[in-house]
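Structure record follows, encoded as structure tokens.
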Amino acid sequence: MKDARRAMLALAALSALVLAGCSPDDHTAQQAGQKIDEAVDRAKVATDEAAKKAADGAAAAGQAMRGAAKDAADLSKKAADKAADTARQGTEAAREASAAAADKVADAAADAKAAAGNAVEAVKAAARAAVATPAPPQ
């Protein structure tokens, strides 16, 4: 916008100078019109160049934004993948710990069952011994 405004101001200044420089003795109205046309053409060229520079700058900025967005998306995906891996590892560790605890509980239960069986046999043996031993006379 500033370049276009500058071009218009330059055109107005050139037009004023051309008109001020035209005297009835030296130039005809046709020559003055040609100079004005040339000034307008130069202003159009300057405006076109400024517009092209602005468009190129906008395109470069857009490309940079796309690159930054792609980089951010890649980083986000990597972070999500890492979080998922960590969750899988935690789940696996918990499963392994649970399996080890279950094995210990099963071993303890087997030991308790064996101890209970031994206690029952000991009680039976004690009962048999008590029945087999004669009572002392009274």
(request) Could you check the simple spin-label distance between K124 and A61, using points 7 Å along Cα→Cβ, in nm with one decimal? (result) 9.5
(request) Subtracting the Cα-Cα distance from 0.36 nm times the residue separation, let me have the gained length for D85 to A29 in nm, one decimal. (result) 11.8 nm
(message) Using 0.36 nm times the number of residues separating E49 and A106, minus their current alpha carbon distance, what extension gain do you get?
(response) 12.0 nm
(request) Report P(r) for the stretch 29-73: all Cα-Cα distances, bin width 5 Å, range 0 to the bin holding the largest distance, values in whole percent. (result) 5, 20, 11, 13, 9, 8, 9, 6, 6, 4, 3, 2, 1, 0
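Computed from the coordinates by the stated procedures, all read-outs in this text should not be read as laboratory data. Keep in mind that this is a model prediction, so the values were computed, not measured. Heads up, the Cβs are rebuilt from the backbone with ideal geometry, glycines too, and the neighbour counts pull from every protein chain shown.
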